[in-house]
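Below is one structure, written out as structure tokens; comments come after it.
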């Protein structure tokens, strides 16, 4: 079991599991398709992973790994998925077997409510990022909130270099961010930056006429058209456009720290196919599964999988990352969203 210095990023309750908590000294090997004999029936995954990544990467890889198991998906932004699950919990009819959304703090809430089936995957030992020692959840993909700009319209020396730079009056009306009321990663970013700089930071962004878009995809399109000079956005959106569309968008890793989001996977306690859900978790945490994550331009939770094309190694970003108090985000979800809405959106 390996621990890393960057765990300050996933502070407090997202602590690393110790060796004893991951099966002690029991010798295990990386588990991928070895669970095929247990992979039958069907499972439903609720996820905030982008639809094209699910269709082009997740579905074919899981079909190849588990040809005898039907894997169904419900896709939506984190808040859409949360709304769906909340309604299903009230009706006592939860449809998900596996949950894969972007906001780690939501998993703390559900864990407290005992909504997860604990499972210590044999591959948990290879996960170097945040995880629960009892296997209630584990990070499965890493998304980074960064600043991006269009290099066809803005010189590198003129681009903002930090989160604080976005408050410079020269960017008035020319910057944007995703809506934290709809986006789980944006919610994490707001909570982290409010802790780092205070709510006055968002008063300054409001004064600078920052635009709040529904999500990261809307922002990337307006960066391309030049409507925005720079924006807070997910790294994966920019990496994808650069590689697939050859767009001249640039990533800025802020000097005051990236916001690193270790999005988890968990098995719902109400699953009707626990064996199928377990082998799916095994696959996602395997080297093969993590290579599929990276093909979606996200970072791996394993040290033995290279970063997505065009991105630096995750370890180079960890030391300076903005600290996130995940328990505070879980406990004060509604208050944080309301503070943002009143300060920035009204």
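Kindly provide the set of residues from the stretch 302-318 that are touching a helix residue (DSSP H, G or I) at 6+ places or on another chain (Cβ under 9 Å) and under 27 Å from residue 162 (Cβ atoms), ordered by number.
307, 308, 309, 310, 311, 314, 315, 317, 318
If the requirement is being within 18 Å of the chain's Cα centre (by Cα), at pLDDT 95 or above and under 18 Å from residue 100 (Cβ atoms), which of these qualifies: 303, 313, 292? Talk me through it step by step, then tell me what you get.
On the way: 303 fails: under 18 Å from residue 100 (Cβ atoms); 313 fails: under 18 Å from residue 100 (Cβ atoms).
Residue meeting the stated conditions: 292.
Mind counting the residues in the stretch 265-304 that are over 16 Å from residue 47 (Cβ atoms) and surrounded by fewer than 19 Cβ atoms within 10 Å (Cβ to Cβ)?
So the answer is 10.
I'd like the full set of residues that are farther than 18 Å from residue 126 by Cβ and in a loop (DSSP other than H, G, I, E, B), limited to the stretch 265-318.
269, 270, 271, 272, 273, 296, 297, 308, 309, 310, 311, 312
Per-residue answers, yes or no, for (1) farther than 19 Å from residue 274 by Cβ; (2) in the same structural domain as residue 191 (by TED's automatic domain parsing); (3) touching a residue at least 60 places away in the same chain (Cβ under 8 Å):
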site: 89; (1), (2), (3): no, no, no
site: 92; (1), (2), (3): no, no, no
site: 95; (1), (2), (3): no, no, no
site: 98; (1), (2), (3): no, no, yes
site: 101; (1), (2), (3): yes, no, yes
site: 114; (1), (2), (3): no, no, yes
site: 123; (1), (2), (3): no, no, yes
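Scan the stretch 198-213 for residues that are closer than 18 Å to residue 182 by Cβ and free of Cβ contacts under 8 Å to residues at least 60 places away in the same chain and jot them down.
The answer is 211, 213.
Looking at the stretch 319-333, which of the residues that are in a helix (DSSP H, G or I) and touching a helix residue (DSSP H, G or I) at 6+ places or on another chain (Cβ under 8 Å) is nearest to residue 260 (Cα to Cα)?
Result: 326.
Quick one: would you say residue 170 is outside any strand (DSSP E or B), farther than 30 Å from residue 279 by Cβ and free of Cβ contacts under 8 Å to residues at least 24 places away in the same chain?
Judged against the criteria, residue 170 is a match.
What number of residues within the stretch 247-264 satisfy the criterion of being crowded, with 24+ Cβ neighbours inside 10 Å and farther than 22 Å from residue 190 by Cα?
0
The values are calculated or read from the model by the stated rules, or taken from the named source; none is laboratory data. From a predicted model like this one, the values you see are computed outputs, not experimental measurements. With ideal geometry, Cβ positions are generated from the backbone for all residues, glycine too; neighbour counts draw on all protein chains shown.
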